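Computed from the coordinates by the stated procedures, all read-outs in this text should not be read as laboratory data. Just so it is clear, the structure is predicted and the values come from calculations on it, not from any experiment. Cβ coordinates were reconstructed from backbone atoms using ideal geometry, including for glycine residues, and neighbour counts include every protein chain displayed.
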Amino acid sequence: MLEAHDLAATRGENTLFSGLAFSLVRGALLRVSGANGSGKTSLLRALCGLLAPSAGEVRWNGENIRRLREDYATHLLYVGHADALKDDLTVAENLEVACSLAGLPVSASRATAAIEALGLGGREQLPARALSQGQRRRAVLARLAVSESLPLWILDEPFAALDAAAVERVRSLVGGHLARGGMVVLTTHQEARIDAPSATDIQLG
Amino acid sequence: MLPILRTVIRRDLLLAWRRRSDVATAVLFFVIVVSLFPLGIGAEPNLLRAIAPGVIWVAALLACMLSLTRMFASDHADGTLDQMLLSAAPLGMIVVARVFAHWVVSGLPLVVLSPVLALQFDLDQSLLGVLVLSLLLGTPILSLVGAIGAALTLGLRGGGFLLALLVLPLYVPVLIIGAGALDAAAAGLGPAAHFLVLAGLLVLASAFTPWAIAAALRISAE
């Protein structure tokens, strides 16, 4: 279970949000919305433990994530708004490195299947530099297809730059994860409907 | 955890291989700087022999500085660093793997090339082994200590210059002891004491710098 207690974050002089509290149980979806610059990404980074909140704390199964460190990270899939793709590595190599870093090494055939699931079939051996913006995003999101065993997904703008078909694929992957009892936190501008056993909305700003 | 470290090392070496020109820049810089001294000073064997250890060591320091700025910068810019901070392996261990890969790519070539370059200074053949061993012990310290500076200056404007200001003073003990090993050997005192101090520094640096680098990376990520 993921809990936020009285969470606050500041950027310079500005308070982005404060007094934020919620808890997320198995199968629950948390949608974070708000205008540009309202602190969506900061909230997600605080939930990952990348950003120290200026007040409050985030707890995973009752323990502060800043103390758990990699014990928490092994339960977590974070897809940030930066692609984390290396231009000089192929799509498959990028996926294999990302999965291995997360402690979930994938076989080549599994990686290929995941890349195909995101509609990049046949482009596994292309260097990431040869991909368009939307294709890069698909290459990053291929991680969703091999991360079923990670209970918590934190996705920053997963639908940005994707075409309708890819949005549909990502929606079904997220829906499937929730149905399996996973937890998902995501930010989005689009009105993408996701079927979730329970959903919470947070409006920032 | 070991498979993760293997992946990180393999990834860094693969990236270095695919961007060979970046690696070659630092190594060529080393070769050129070292070669300029005999050309500028002229054929005075005694003088060249006397300055050889210092020149080679200073050039190695500067070549190491050149490659340091790239150590974490692109990973910071494209978000890969976040994924490393959220890895299943402790950040300190990942940092060790990355520093090791950095040393293989930018420190080891200097060690291998140094005896060839030393020939330009008419360095006694018996001293070539001492030179190689002193660089072999010293260059990993340069990578470890330099990585702290590289992590601290991530995302700063003019970070490259600040990095030099931060790191070069910390290199002074390594420079003195490393170049001193050759002087001691040339004077017939034997380089053993210098090697032991260098090895001690290397052990100290390997034990403590990974935590400093990891802490600096966490700060840069915020």
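Take the Cα pairs of segment A:49-205, get the Kirkwood Rh, then feed it into Stokes-Einstein at 37 °C and 0.692 mPa s and tell me D in µm²/s.
Value of D from the Cα-based Kirkwood radius: 200 µm²/s.
Which whole-number percent is the relative contact order of segment A:87-149 (Cα, under 8 Å, 6+ apart)? Please list the in-between numbers first.
On the way: 67 pairs, mean separation 27.6, N = 63.
Relative contact order for segment A:87-149 comes out at 44 percent.
Which three extents, in angstrom, do the Cα atoms of segment A:87-149 have along their principal axes, listed largest first?
29, 21, 18
Would you mind computing Rg(Cα) / (2.2 N^0.38 Å) for segment B:2-221, counting N as its residues? Show your work: numbers first, answer last.
On the way: Rg = 17.8 Å, N = 220, 2.2 N^0.38 = 17.1 Å.
For segment B:2-221, the normalised Cα radius of gyration is 1.04.
Computed on alpha carbon atoms, what radius of gyration and Dmax characterise the protein assembly as shown, expressed in Å?
Rg and Dmax of the protein assembly as shown, Cα atoms, are 25.2, 84 Å.
Would you calculate the volume per residue, in Å³, of the smallest convex hull containing every Cα atom of segment B:2-123?
For segment B:2-123, the hull spanned by Cα atoms encloses 101 Å³ per residue.
Once you place label points 7 Å from the Cα toward the Cβ at A:T10 and A:N61, how far apart are they in nm?
With each label point 7 Å from Cα toward Cβ, the separation is 3.5 nm.
Calculated FRET efficiency, B:A193 and B:R6, Cβ-Cβ r, R0 30 Å, to nearest 0.05?
Result of the calculation: an efficiency of 0.25.
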